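For reference, the structure discussed in these notes is given below.
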Amino acid sequence: MTHLVHNDKLPAKEVIMEKCREYLSKRSETEWKEFVLGYFLHIYTDLRWTDTVYEDFENNYKGEKNDIRKTYNHEVSQVEFNLSRSMDSTEKLFALLLKAKGFAIDPFVTQLEVNQYRDRKVEWLQDLKNEPRIKPMYFKTDKINHFINEISKPKEIYTYDD
């Protein structure tokens, strides 16, 4: 429900943008608008990830069928650690995230759920015991960087000034 999934499918880009515009119009504060943009952009990013990087992973996966989810989670966890280590200001970013105000986006998430997810995720990434310490076979750095660069191009992003 948090990702607007219907019939086991993420929504089309147009549905995500429509919902984003709907929620942007509910309040005028900048913090609200930035939160709403981040929330719906994360759903859009998940859609693009699923249709590109994840689909490529599924098509090229060579392991046991029962282990596909485990392999995915293991490799993506390593990618998260690699990305956080590659940034100069990770600790500053975590501190800002932990101070940021979360909002409810009814009926999708409550403010408590948003804050709890943020806190758990930051805590998890700060605990090096969670790092798989593997070299990803499917989620290589160049592929991930390409995805990040493509998804963050201005043509991909809707702003509340549009």
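The values are calculated or read from the model by the stated rules, or taken from the named source; none is laboratory data. Source: prediction; values computed, not measured. Cβ placement follows ideal geometry from the backbone for every residue including glycine, while neighbour counts extend to all protein chains displayed. SASA here: full protein model, heavy atoms, side chains in, ligands and nucleic acids out. Shrake-Rupley method; radii C 1.70, N 1.55, O 1.52, S 1.80 Å.
Both numbers refer to the Cα atoms of the chain; Rg and Dmax are 16.9, 50 Å. Roughly how many percent of the accessible protein surface of the chain is carbon and sulfur, given a 1.4 Å probe and a whole-percent answer? Carbon plus sulfur share of accessible area: 52 percent.
For the chain, averaging the sequence separation of C-alpha pairs within contact (under 8 Å, six or more residues apart) and dividing by the residue count gives a relative contact order of 31 percent.
Checking the cross-link pairs K92/K121; K33/K70; K99/K129 against a 27 Å limit on the alpha carbon distance flags K33/K70 as lying beyond it. Can you work out the FRET efficiency for the pair D51 and R118, with r the C-beta to C-beta distance and R0 = 25 Å, to the nearest 0.05? FRET efficiency, D51 to R118: 0.45.
Under the simplified labelling scheme, the Y61-S86 pair shows an inter-label distance of 2.3 nm, with each label point 7 Å from Cα along Cα→Cβ. On a 0 to 90° scale, report how tilted helix 141-151 is relative to the longest principal axis of the chain, with both axes built from alpha carbons and the result rounded to the nearest 10. Roughly 20 degrees, rounded to the nearest 10. Relative to the longest principal axis of the Cα atoms of the chain, helix 13-24 runs at roughly 40 degrees.
Placing a pseudo-label 7 Å from each Cα along the Cα-to-Cβ vector at R21 and L4 gives an inter-label distance of 1.1 nm. Anyone know which of W32, W124, W49 comes out most mobile in the 10 Å Cα GNM of the chain? Result for the chain, Cα springs under 10 Å: W124 fluctuates most. Surface exposure of segment 36-162, expressed per residue as accessible area with a 1.4 Å probe, stands at 67 Å². If the segment from K13 to N130 were pulled out straight at 0.36 nm per residue, it would be longer than the present Cα-Cα gap by 38.8 nm.
Sort out the exposed loop trypsin sites (Lys or Arg not before Pro) in the chain (DSSP loop, at most 16 other Cβ within 10 Å) and tell me the longest stretch that has none. Of all site-free stretches, the longest is 63-100. Taking GluC sites (Glu not before Pro) that fall in a DSSP loop and have at most 14 other Cβ atoms within 10 Å as cut points, what is the longest piece of the chain between them? Answer from the scan: 65-162.
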